[in-house]
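**Student:** The following block contains the structure, expressed as C-alpha coordinates.
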Amino acid sequence: MSTDALVLDDVTLTYGSATAVFGLSLTVGAGEAVGILGRNGAGKTTTLRGILGSGVRRKGSIRYFGEEIGGMRADQVARKGIGWVPDDRRIYTTLTVRENLLLASRERSGPAKEAVDEAVAAVPLVEKLLPRKGVQLSGGEQQAVAIARAVVGRPKVLLLDEPAEGLAPIIVESLQQSVIELSRSGMTILIAEQNLNFVLGATQRVCVLDSGREVLTCSSEEFGNSPELQNQHLAISLENHGKRR
Ligand SMILES: Nc1ncnc2c1ncn2[C@@H]1O[C@H](COP(=O)(O)OP(=O)(O)O)[C@@H](O)[C@H]1O
Ligand SMILES: [Mg+2]
(Lines give C-alpha, C1' and ligand atoms only; values in the text may rest on other atoms or scores of the structure.)
(Ligands and ions follow the chains in the order given, each with its own letter.)
Protein backbone atom coordinates (compact mmCIF):
# COMPACT_ATOMS: atom_id res chain seq x y z
CA MET A 1 0.00 0.00 0.00
CA SER A 2 1.25 3.41 -0.92
CA THR A 3 2.07 5.75 1.93
CA ASP A 4 0.73 8.72 -0.01
CA ALA A 5 -2.88 9.53 0.77
CA LEU A 6 -3.58 11.23 -2.54
CA VAL A 7 -1.64 11.29 -5.78
CA LEU A 8 -3.05 13.42 -8.57
CA ASP A 9 -1.22 12.73 -11.78
CA ASP A 10 -1.82 15.02 -14.76
CA VAL A 11 -5.44 15.65 -13.80
CA THR A 12 -7.56 17.74 -16.15
CA LEU A 13 -11.04 18.76 -15.05
CA THR A 14 -13.77 20.05 -17.32
CA TYR A 15 -17.29 21.40 -17.16
CA GLY A 16 -18.85 20.59 -20.51
CA SER A 17 -16.42 22.02 -23.04
CA ALA A 18 -14.73 24.37 -20.54
CA THR A 19 -11.52 23.21 -18.86
CA ALA A 20 -11.16 24.51 -15.28
CA VAL A 21 -8.04 22.61 -14.16
CA PHE A 22 -5.19 21.76 -16.54
CA GLY A 23 -2.88 18.78 -15.98
CA LEU A 24 -2.57 19.13 -12.21
CA SER A 25 -0.12 16.86 -10.43
CA LEU A 26 -0.11 16.94 -6.65
CA THR A 27 0.86 14.47 -3.96
CA VAL A 28 -0.49 14.62 -0.40
CA GLY A 29 1.35 12.34 1.99
CA ALA A 30 -0.53 10.33 4.61
CA GLY A 31 -1.07 12.58 7.61
CA GLU A 32 0.04 15.65 5.74
CA ALA A 33 -1.97 18.89 5.60
CA VAL A 34 -1.79 20.77 2.30
CA GLY A 35 -3.35 24.08 1.30
CA ILE A 36 -4.62 24.93 -2.16
CA LEU A 37 -4.31 28.65 -2.64
CA GLY A 38 -5.39 30.86 -5.50
CA ARG A 39 -7.62 33.69 -6.52
CA ASN A 40 -11.33 33.39 -7.12
CA GLY A 41 -11.94 31.11 -10.06
CA ALA A 42 -8.43 29.60 -9.91
CA GLY A 43 -9.80 26.05 -9.74
CA LYS A 44 -9.63 25.26 -6.01
CA THR A 45 -13.20 24.01 -5.63
CA THR A 46 -12.97 22.19 -8.95
CA THR A 47 -9.85 20.35 -7.74
CA LEU A 48 -11.70 19.12 -4.65
CA ARG A 49 -14.68 18.13 -6.83
CA GLY A 50 -12.32 16.23 -9.08
CA ILE A 51 -10.97 14.21 -6.15
CA LEU A 52 -14.52 13.53 -4.97
CA GLY A 53 -15.81 12.70 -8.45
CA SER A 54 -18.61 15.17 -8.08
CA GLY A 55 -19.97 17.41 -10.82
CA VAL A 56 -16.91 17.63 -13.03
CA ARG A 57 -15.42 15.46 -15.80
CA ARG A 58 -12.00 14.00 -14.98
CA LYS A 59 -8.99 12.96 -17.04
CA GLY A 60 -5.75 11.66 -15.60
CA SER A 61 -5.11 9.56 -12.54
CA ILE A 62 -6.18 10.09 -8.94
CA ARG A 63 -4.88 7.53 -6.47
CA TYR A 64 -6.00 7.20 -2.89
CA PHE A 65 -3.54 5.18 -0.80
CA GLY A 66 -2.42 3.58 -4.06
CA GLU A 67 -5.89 2.77 -5.39
CA GLU A 68 -7.16 4.44 -8.53
CA ILE A 69 -10.32 6.39 -7.68
CA GLY A 70 -10.41 8.64 -10.76
CA GLY A 71 -13.27 6.65 -12.24
CA MET A 72 -15.32 6.23 -9.08
CA ARG A 73 -18.60 7.90 -8.24
CA ALA A 74 -18.74 10.41 -5.41
CA ASP A 75 -20.59 8.04 -3.05
CA GLN A 76 -17.96 5.33 -3.63
CA VAL A 77 -15.16 7.82 -2.99
CA ALA A 78 -16.84 8.97 0.21
CA ARG A 79 -17.17 5.39 1.44
CA LYS A 80 -13.45 4.86 0.82
CA GLY A 81 -12.80 7.47 3.52
CA ILE A 82 -12.66 10.87 1.87
CA GLY A 83 -14.68 13.44 3.78
CA TRP A 84 -15.81 16.74 2.35
CA VAL A 85 -16.74 20.08 3.87
CA PRO A 86 -18.39 21.92 0.98
CA ASP A 87 -18.11 25.68 0.57
CA ASP A 88 -21.88 26.07 0.95
CA ARG A 89 -21.92 23.92 4.13
CA ARG A 90 -25.25 22.18 3.39
CA ILE A 91 -26.59 21.85 6.90
CA TYR A 92 -30.17 20.56 7.10
CA THR A 93 -31.88 23.69 8.36
CA THR A 94 -35.06 22.05 9.66
CA LEU A 95 -33.10 19.54 11.76
CA THR A 96 -31.20 20.24 14.95
CA VAL A 97 -27.43 20.10 14.94
CA ARG A 98 -27.57 16.82 16.89
CA GLU A 99 -29.92 15.39 14.24
CA ASN A 100 -27.59 16.58 11.49
CA LEU A 101 -24.72 14.71 13.15
CA LEU A 102 -26.83 11.62 13.83
CA LEU A 103 -27.85 11.50 10.19
CA ALA A 104 -24.20 11.51 9.19
CA SER A 105 -23.46 8.77 11.75
CA ARG A 106 -25.70 6.30 9.89
CA GLU A 107 -22.86 5.90 7.40
CA ARG A 108 -20.58 4.41 10.04
CA SER A 109 -20.67 1.49 12.45
CA GLY A 110 -20.86 1.75 16.24
CA PRO A 111 -23.09 3.72 18.59
CA ALA A 112 -24.46 7.00 17.27
CA LYS A 113 -23.80 8.75 20.56
CA GLU A 114 -20.12 7.97 20.24
CA ALA A 115 -20.13 9.59 16.79
CA VAL A 116 -21.65 12.78 18.18
CA ASP A 117 -19.20 12.81 21.12
CA GLU A 118 -16.28 12.39 18.75
CA ALA A 119 -17.49 15.24 16.53
CA VAL A 120 -17.96 17.53 19.54
CA ALA A 121 -14.49 16.67 20.84
CA ALA A 122 -13.01 17.54 17.46
CA VAL A 123 -15.00 20.75 17.01
CA PRO A 124 -15.78 22.11 20.50
CA LEU A 125 -17.75 25.05 19.09
CA VAL A 126 -20.48 22.56 18.23
CA GLU A 127 -21.24 21.43 21.77
CA LYS A 128 -23.53 24.28 22.74
CA LEU A 129 -25.23 24.17 19.33
CA LEU A 130 -26.48 20.56 19.53
CA PRO A 131 -30.13 21.39 20.38
CA ARG A 132 -30.38 24.23 17.89
CA LYS A 133 -32.04 24.00 14.49
CA GLY A 134 -29.84 24.52 11.46
CA VAL A 135 -31.83 27.59 10.51
CA GLN A 136 -30.82 29.29 13.78
CA LEU A 137 -27.09 29.04 13.10
CA SER A 138 -24.79 31.85 12.05
CA GLY A 139 -22.41 31.28 9.15
CA GLY A 140 -19.58 30.43 11.51
CA GLU A 141 -21.73 28.00 13.48
CA GLN A 142 -22.83 26.31 10.27
CA GLN A 143 -19.20 25.95 9.27
CA ALA A 144 -18.36 24.36 12.62
CA VAL A 145 -21.24 21.91 12.20
CA ALA A 146 -20.18 21.12 8.63
CA ILE A 147 -16.69 20.18 9.85
CA ALA A 148 -18.09 18.17 12.76
CA ARG A 149 -20.42 16.32 10.39
CA ALA A 150 -17.48 15.37 8.16
CA VAL A 151 -15.56 14.13 11.22
CA VAL A 152 -18.48 11.83 12.08
CA GLY A 153 -17.67 9.85 8.93
CA ARG A 154 -14.15 9.18 10.32
CA PRO A 155 -12.47 10.18 7.07
CA LYS A 156 -8.85 9.31 6.45
CA VAL A 157 -8.67 12.32 4.16
CA LEU A 158 -10.62 15.52 4.77
CA LEU A 159 -11.24 18.05 2.00
CA LEU A 160 -12.19 21.51 3.24
CA ASP A 161 -13.51 24.15 0.84
CA GLU A 162 -12.95 27.73 2.06
CA PRO A 163 -13.77 27.01 5.70
CA ALA A 164 -12.83 30.53 6.78
CA GLU A 165 -14.78 32.41 4.15
CA GLY A 166 -16.85 35.28 5.50
CA LEU A 167 -16.34 34.34 9.17
CA ALA A 168 -15.38 36.45 12.17
CA PRO A 169 -11.69 36.14 13.15
CA ILE A 170 -12.47 34.53 16.51
CA ILE A 171 -14.48 31.74 14.84
CA VAL A 172 -11.82 31.33 12.17
CA GLU A 173 -9.22 30.85 14.91
CA SER A 174 -11.29 28.23 16.69
CA LEU A 175 -12.01 26.30 13.48
CA GLN A 176 -8.35 26.50 12.54
CA GLN A 177 -7.48 24.99 15.90
CA SER A 178 -9.92 22.14 15.23
CA VAL A 179 -8.30 21.49 11.87
CA ILE A 180 -4.84 21.56 13.45
CA GLU A 181 -5.94 19.01 16.07
CA LEU A 182 -7.44 16.73 13.40
CA SER A 183 -4.20 16.96 11.51
CA ARG A 184 -2.21 16.13 14.66
CA SER A 185 -4.44 13.11 15.20
CA GLY A 186 -3.19 11.76 11.86
CA MET A 187 -5.95 12.82 9.48
CA THR A 188 -4.78 13.85 6.03
CA ILE A 189 -6.09 17.29 5.15
CA LEU A 190 -6.48 19.30 1.96
CA ILE A 191 -7.75 22.85 2.38
CA ALA A 192 -8.85 25.11 -0.48
CA GLU A 193 -8.75 28.57 0.99
CA GLN A 194 -8.09 32.22 0.25
CA ASN A 195 -7.42 33.06 3.88
CA LEU A 196 -3.65 32.84 3.89
CA ASN A 197 -3.25 32.85 7.68
CA PHE A 198 -5.67 29.97 8.06
CA VAL A 199 -3.71 27.91 5.54
CA LEU A 200 -0.25 28.84 6.82
CA GLY A 201 -1.19 27.95 10.39
CA ALA A 202 -2.79 24.61 9.55
CA THR A 203 -0.71 23.13 6.72
CA GLN A 204 2.82 21.97 5.97
CA ARG A 205 2.72 22.65 2.24
CA VAL A 206 0.85 24.85 -0.18
CA CYS A 207 -0.02 24.49 -3.84
CA VAL A 208 -0.93 27.70 -5.65
CA LEU A 209 -3.29 27.58 -8.62
CA ASP A 210 -3.72 30.33 -11.18
CA SER A 211 -6.33 30.03 -13.93
CA GLY A 212 -6.51 26.28 -13.44
CA ARG A 213 -2.79 25.66 -13.50
CA GLU A 214 -0.38 24.89 -10.70
CA VAL A 215 2.10 27.76 -10.50
CA LEU A 216 3.90 26.94 -7.27
CA THR A 217 4.16 24.17 -4.69
CA CYS A 218 6.35 24.80 -1.66
CA SER A 219 6.41 24.49 2.12
CA SER A 220 3.93 26.67 3.99
CA GLU A 221 6.85 28.07 5.93
CA GLU A 222 8.63 29.19 2.78
CA PHE A 223 5.46 30.76 1.40
CA GLY A 224 4.67 32.43 4.72
CA ASN A 225 8.15 33.91 4.96
CA SER A 226 8.14 35.32 1.46
CA PRO A 227 6.10 38.47 0.82
CA GLU A 228 7.51 38.29 -2.73
CA LEU A 229 5.92 34.90 -3.41
CA GLN A 230 2.68 36.04 -1.80
CA ASN A 231 2.60 39.23 -3.86
CA GLN A 232 3.42 37.42 -7.02
CA HIS A 233 0.74 34.78 -6.62
CA LEU A 234 -2.01 36.22 -4.47
CA ALA A 235 -1.78 40.01 -4.72
CA ILE A 236 -5.01 40.46 -6.64
CA SER A 237 -6.93 38.22 -4.30
CA LEU A 238 -5.60 40.18 -1.31
CA GLU A 239 -6.60 43.48 -2.93
CA ASN A 240 -10.05 42.06 -3.45
CA HIS A 241 -10.29 40.91 0.11
CA GLY A 242 -13.65 41.70 1.62
CA LYS A 243 -15.48 42.09 -1.65
CA ARG A 244 -15.42 38.54 -2.85
CA ARG A 245 -18.63 37.07 -4.28
N1 LIG B 1 -20.50 24.17 -12.42
C2 LIG B 1 -19.70 24.86 -13.25
N3 LIG B 1 -19.93 24.91 -14.57
C4 LIG B 1 -19.10 25.58 -15.41
N5 LIG B 1 -17.99 26.23 -15.02
C6 LIG B 1 -17.69 26.21 -13.70
C7 LIG B 1 -18.52 25.53 -12.74
N8 LIG B 1 -17.98 25.68 -11.50
C9 LIG B 1 -16.87 26.43 -11.69
N10 LIG B 1 -16.69 26.75 -12.99
C11 LIG B 1 -15.57 27.53 -13.58
O12 LIG B 1 -14.36 26.82 -13.30
C13 LIG B 1 -13.31 27.72 -12.96
C14 LIG B 1 -12.77 27.36 -11.58
O15 LIG B 1 -13.76 27.58 -10.61
P16 LIG B 1 -13.61 27.14 -9.09
O17 LIG B 1 -12.98 25.81 -9.05
O18 LIG B 1 -14.93 27.30 -8.45
O19 LIG B 1 -12.57 28.22 -8.54
P20 LIG B 1 -12.20 28.61 -7.04
O21 LIG B 1 -12.80 27.60 -6.13
O22 LIG B 1 -10.70 28.63 -7.03
O23 LIG B 1 -12.76 29.98 -6.82
C24 LIG B 1 -13.92 29.12 -13.02
O25 LIG B 1 -13.61 29.66 -14.28
C26 LIG B 1 -15.40 28.86 -12.90
O27 LIG B 1 -16.14 29.86 -13.56
MG1 LIG C 1 -14.11 27.80 -4.57
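The values are calculated or read from the model by the stated rules, or taken from the named source; none is laboratory data. Predicted model, so just to flag it, every value in this text is computed and none were measured. Note: ideal-geometry Cβ built from the backbone for every residue, glycine included; neighbour counts use all protein chains shown. Calculation scope for accessible area: heavy atoms of the full protein, side chains included, ligands and nucleic acids excluded. Shrake-Rupley method; radii C 1.70, N 1.55, O 1.52, S 1.80 Å.
**Student:** So if R0 is 51 Å, what FRET efficiency would Q204 and R57 give, r being the distance between their Cβ atoms, rounded to the nearest 0.05?
**Tutor:** Numbers: r = 31 Å, r/R0 = 0.60.
Calculated transfer efficiency: 0.95.
**Student:** Can you tell me the orientation of helix 112-122 relative to the chain, as the angle in degrees between its alpha-carbon axis and the longest Cα principal axis, to the nearest 10?
**Tutor:** On a 0 to 90 degree scale, this one is about 50.
**Student:** Lys pairs in the chain, Cα-Cα under 25 Å, at least 8 apart or on separate chains: how many?
**Tutor:** The result is 11.
**Student:** In degrees between 0 and 90, to the nearest 10, how far off the longest principal axis of the chain does helix 169-184 point, with axes built from Cα atoms?
**Tutor:** 90
**Student:** So if I take the alpha carbon set of the chain, get Rg, then get Rh from the Kirkwood formula, what is the Rg over Rh ratio?
**Tutor:** On the way: Rg = 17.3 Å, Rh = 18.1 Å.
Across the chain, the Cα-based Rg/Rh ratio is 0.95.
**Student:** Calculate what fraction, in whole %, of the accessible area of the chain sits on carbon and sulfur atoms when a 1.4 Å probe is rolled over the protein chains. The partial results should precede the final answer.
**Tutor:** Numbers: 5510 of 11190 Å².
With neighbouring chains kept in place, the figure for the chain is 49 percent.
**Student:** Which shape class, rounded, prolate or oblate, goes with the range 1-56 when its Cα gyration tensor gives a ≥ b ≥ c as root eigenvalues, a/c under 1.5 marks rounded, and past that a/b bigger than b/c marks prolate?
**Tutor:** prolate
**Student:** Here's another thing I want to ask about it. Charges at C-beta only: +1 for Lys and Arg, -1 for Asp and Glu. How large is the resulting dipole of the range 154-231 about its Cα centre, in Debye rounded to 20?
**Tutor:** 380
**Student:** To continue, here is another question. So what is the accessible area of the chain per residue, in Å², with the probe set to 1.4 Å? Before the final figure, lay out each step's value.
**Tutor:** Working: 11190 Å² over 245 residues.
Per residue, the chain has an accessible area of 46 Å².
**Student:** Stretched out fully, how many nm does the piece from T3 to R184 gain, at 0.36 nm a residue minus the Cα gap? Could you put the intermediate results ahead of the total?
**Tutor:** Details: separation 181, 0.36 × 181 = 65.16 nm, distance 1.70 nm.
The T3-R184 span can extend by a further 63.5 nm.
**Student:** Same structure, new question: With the dipole of the chain worked out from charges on the C-beta (+1 for Lys and Arg, -1 for Asp and Glu) around the Cα centre, which of I62, G83, S109 lies farthest toward the positive end?
**Tutor:** Value: S109.
**Student:** If a/c stays under 1.5 just call it rounded; otherwise compare a/b with b/c (prolate if a/b is bigger, oblate if not). Do that for the range 1-98, with a ≥ b ≥ c from the square roots of the Cα gyration tensor eigenvalues. Walk me through the numbers before you get to the answer.
**Tutor:** Details: a/c = 1.60, a/b = 1.21, b/c = 1.33.
It is oblate, given that a/c is not under 1.5 and a/b is not larger than b/c.
**Student:** Right, something else. Using the crude model of +1 on Lys and Arg Cβ and -1 on Asp and Glu Cβ, and no other charge, please compute the dipole size for the range 1-87 relative to its Cα centre, in debye to 20. Mind dumping the intermediate values first?
**Tutor:** Details: 10 positive and 8 negative charges, 63 e Å.
With only Lys, Arg, Asp and Glu charged at Cβ, the dipole is about 300 debye.
**Student:** Continuing with this model, one more query. Return the distance in nm (one decimal) between the two label points of a simple spin-label model at E221 and K80, each offset 7 Å from Cα along Cα→Cβ.
**Tutor:** Here the modelled spin labels are 3.2 nm apart.
**Student:** Just want to confirm a number: the relative contact order over the chain, from Cα pairs under 8 angstrom separated by 6+ residues, in percent.
**Tutor:** Relative contact order, the chain: 26 percent.
**Student:** Report the extension gain between Y15 and R90 in nm, rounded to one decimal, defined as 0.36 nm multiplied by the number of residues separating them, less their alpha carbon distance.
**Tutor:** Working: separation 75, 0.36 × 75 = 27.00 nm, distance 2.20 nm.
Length gained, Y15 through R90: 24.8 nm.
**Student:** Ranked from highest to lowest mean number of other Cβ atoms within 10 Å per residue, what is the order of the peptides 168-179, 85-96? Don't skip to the end; give the middle numbers.
**Tutor:** Numbers: 168-179: 17.4, 85-96: 15.8.
In decreasing order of mean packing, 168-179, 85-96 become 168-179, 85-96.
**Student:** Follow-up question, since we're still on this one. What number, in percent, do you get for the relative contact order of the range 1-125 if the mean sequence gap of Cα pairs under 8 Å and at least 6 apart is divided by its residue count? Intermediate values should be presented prior to the final figure.
**Tutor:** Details: 165 pairs, mean separation 27.5, N = 125.
Contact order relative to length: 22 percent.
**Student:** Nearest 0.05, what FRET efficiency do R108 and E228 give at R0 = 51 Å with Cβ-Cβ as r?
**Tutor:** Working: r = 46 Å, r/R0 = 0.89.
According to the calculation, E is roughly 0.65.
**Student:** Ok, one more. Quick one: compute a quarter of the convex hull surface over the Cα atoms of the range 96-217 and quote it in nm².
**Tutor:** 8.0
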